[in-house]
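Okay, so here's the structure we're looking at.
The values are calculated or read from the model by the stated rules, or taken from the named source; none is laboratory data. Predicted model, so just to flag it, every value in this text is computed and none were measured. Every residue, glycine as well, gets a Cβ built from its backbone with ideal geometry; the counts of neighbours run over all protein chains shown. Heads up: the accessible areas ignore ligands, DNA and RNA and are worked out on the full protein's heavy atoms, side chains in. Shrake-Rupley method; radii C 1.70, N 1.55, O 1.52, S 1.80 Å.
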Amino acid sequence: MARVSIRVPTPLRSFAGGRSETEVRAATVAEALERLTEQHGALRDHLFTEEGELRRFVNVYLGDRSIRNLGEGGVGLSDGDEIRIVPSIAGGAPVASPAAERSGAVDFSPDELRRYSRHLMIPEVGYGGQARLKAARVLLVGAGGLGSPAALYLAAAGVGTLGLVDRDVVDITNLQRQLLHDTDSVGAPKLDSARRRLEALNPEIDVRTFETRLISDNALEVLDGWDLVVDGSDNFPTRYLVNDACVFLGIPFVYGAIYRFEGQASLFGLEDGPCYRCLFPEPPPPGLVPSCADAGVLGVLPGIIGTVQAIEAVKLILGRGRPLSGRLLLFDALGMEFREVEVEKDPDCPVCGEHPTLTELIDYEVFCGLGAGASVDADVPSIGAEQLARWSRGGERYQLIDVREPYEWRICNLESAGARLIPLGELPEKIGELDREATLVLQCRSGSRSADAVRLLRREGFEDVFNLEGGILAWARDVDPSMPTY
Amino acid sequence: MSRIAARGMITVDVRFFAVLRERAGGERRRVELPGGSTVAALRAHLRERLPELPEGYAVAVGRAYAASEHVLEDGDEVALIPPVSGG
């Protein structure tokens, strides 16, 4: 008989006479729990099923070791041992973690035990939780602003298999927020720098890369077999695709999205929880909700939202805490305010509702109004970069107005083609300076702001006004590839 | 405490998020609607007053997502949450 202590978690203390710790004499863990429930009868139903098995949401630890099966001859005890009872979920339904089933086969080297020692100390993680993390397979869609902090923290936390899907190359404009990449990796595939960084951070994990754009043709294949997906994509078609594919495959996914100073996060795709379409059934009209590339984003912001996503991923793997399912978290950096909105599963949801009308993946570019031939600014007369170059070379009479900001002009401009800078905000007051008889061409970075400028001038009675389609980026692509872009 | 205004009108406090904030030209707006108005009626009202607001936003009343048929009450705080794509 050994003299051991049993720690009772807060939610169960009222059934144990309010005590956090009880001493018993026992030879095995099973016997110790038997003694405990003899002393505090009310605890029995909370710990055991009618068949005498430990309830699924009850975890028992002997030191750092998770004891699941009390039956196998019992686990021997020594004097001074501490047994801890840890409920899986504080205030929520337990969530099945596929990683839990595989975690039994996991082993750690002494180096790994030291690496993860600050996790092992936390009762809610412990040896069993760390084994779940090591057994877990998490796929990150996008190795950008959100994917960077999420991947770094998940790698550091010891998630055993991390997948990354991305096909972009590192651009210097990424470095203001995408911490996976560095200045030396500009121009190289993002997955190269991501892999290097993650493996340097934690060589114990397995990093798998998919250098592709996630599309309907490959999504089910790429996503299948992962326990959990972290969505850090940067466009609506991919977001709807990730949602639908995850729902079809039964994989939960941690959603995160950012805009300038604000972010959103949630956990979608749990069996009883909502999906992204329960919240946003239809995408917004194209062009009305700009991306980071078009609208800008505070570089630190994805650090907040991406780490929220990483925390939710870790909680789900551990089966601990209250998941962010059924709640949309809104973050406003300027007001430094977190706010949450309850979102229920929509019984009429076309994907996860009671009578789904969508049962296979669709063309998400078309769904989001971005299909071939579709143009956001179809109402605006436009010319292409090559045509403008021909006008410029042929001495055509036209006036080229660049409506970007002065700092953008300093990065690159079309002065050689006669451009004059009038930032969009100053255009209304400078209309009088424009030649109403001339052909006007309006230009910006990508063609969106200049389309607004064309609309403004047409409302003011200008007739011969064109938008440079694709902006200076199109010029750099089609006319002058040596031009720096941003 | 609910303040029912004259002629059965209600006032709701609309809060705009992300891109909607810029398009609405501010963070908040008080909107007066006939009593019994639904979320759908609020959307229609805003479509008329603020045509530049992109459609497709979600609506939360208080702290909960509200469907189109949800009936608004005087003094409700209504959050308009746009989908956001950036990552």
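Label zone of A:I383 (point 7 Å out along Cα→Cβ, amide N under 11 Å): in region A:468-485 this covers A:468-469. Label-to-label distance, A:Q176 versus A:Y486, with points set 7 angstrom from Cα along the beta-carbon direction: 0.8 nm. For region A:129-200, what is the relative contact order in percent, using Cα pairs closer than 8 Å and at least 6 residues apart in sequence? Relative contact order comes out at 32 percent. Could you tell me which of rounded, prolate or oblate describes region A:354-446, using a ≥ b ≥ c as the square roots of the eigenvalues of the alpha-carbon gyration tensor, with rounded for a/c under 1.5 and, failing that, prolate when a/b is larger than b/c and oblate otherwise? Here region A:354-446 falls in the prolate category.
Using 0.36 nm per residue, how much length does the chain from A:Q39 to A:E282 gain when fully extended, once their Cα-Cα distance is taken away? If you can, show how the numbers build up before the last one.
Numbers: separation 243, 0.36 × 243 = 87.48 nm, distance 5.76 nm.
Length gained, A:Q39 through A:E282: 81.7 nm.
Listed by chain and number, the lysines whose alpha-carbon sits under 23 Å from that of A:K315, ignoring those within fewer than 8 places in the same chain, are A:K134, A:K345. Starting from the Cα gyration tensor of region A:288-388, take the square roots of the eigenvalues, sort them a ≥ b ≥ c, and report rounded, prolate or oblate (rounded when a/c is under 1.5, otherwise prolate if a/b is larger than b/c, else oblate). In terms of gyration-tensor shape, oblate. Summing both sides, the accessible surface hidden between A and B at a 1.4 Å probe radius is close to 2500 Å². Heavy-atom accessible area for A:F48, with the other protein chains in place and a 1.4 Å probe, reaches approximately 20 Å². When DSSP beta bridges are restricted to pairs lying wholly in region A:396-478, around 0% turn out antiparallel.
Keeping every protein chain present and rolling a 1.4 Å probe, give me the accessible area per residue for the protein assembly as shown in Å².
Values: 26030 Å² over 573 residues.
That works out to 45 Å² for each residue.
Prolate is the label for region A:330-486. Its Cα gyration tensor axes, ordered a ≥ b ≥ c, give a/c of at least 1.5 and a/b above b/c. As a length-normalised measure over Cα pairs under 8 Å and 6 or more apart, the relative contact order of chain A settles at 11 percent. The modelled label-to-label distance for the pair A:S109/B:E48, using points 7 Å beyond Cα in the direction of Cβ, is 7.1 nm. Region A:99-148 and region B:32-63 have Cα centres spaced 45 Å apart.
Per residue of A:260-266, other chain Cβ atoms within 10 Å of the residue Cβ number 4 on average. Here the ratio of the Cα radius of gyration of region A:141-292 to 2.2 N^0.38 Å is 1.02.
Give me the log10 of I(q) over I(0) for the protein assembly as shown at q = 0.07 Å⁻¹, as the Debye formula computes it from C-alpha points; what are the numbers? The computed values of log10 I(q)/I(0) come out as -0.53.
Projecting label points 7 angstrom from Cα along Cα→Cβ for B:E69 and A:S416 puts them 6.3 nm apart. One compactness figure for region A:9-54 is 1.09, namely its Cα radius of gyration divided by 2.2 N^0.38 Å.
Rounded to two decimal places and with Rh computed the Kirkwood way over Cα pairs, what is Rg over Rh for region A:417-486? Walk me through the numbers on the way to the answer.
Numbers: Rg = 12.5 Å, Rh = 12.7 Å.
Rg/Rh for region A:417-486 comes to 0.98.
Straightening the chain between A:A333 and A:V169 buys 56.2 nm, computed as 0.36 nm per residue apart minus the Cα-Cα spacing.
Counting only C-alpha contacts under 8 Å and six or more residues apart, can you give the relative contact order of region A:93-367 as a whole percent?
Values: 543 pairs, mean separation 53.3, N = 275.
That works out to 19 percent.
Carbon and sulfur: what percent of chain A's accessible surface (1.4 Å probe)?
So the carbon and sulfur contribution to the accessible surface is 49 percent.
From the gyration tensor of the Cα coordinates in chain B, what semi-axes in whole Å does the equivalent ellipsoid have, largest first, with each one equal to sqrt(5λ)? Provide the component values of the computation, followed by the final result.
Details: eigenvalues 99, 34, 27 Å².
Value: 22, 13, 12 Å, ordered largest first.
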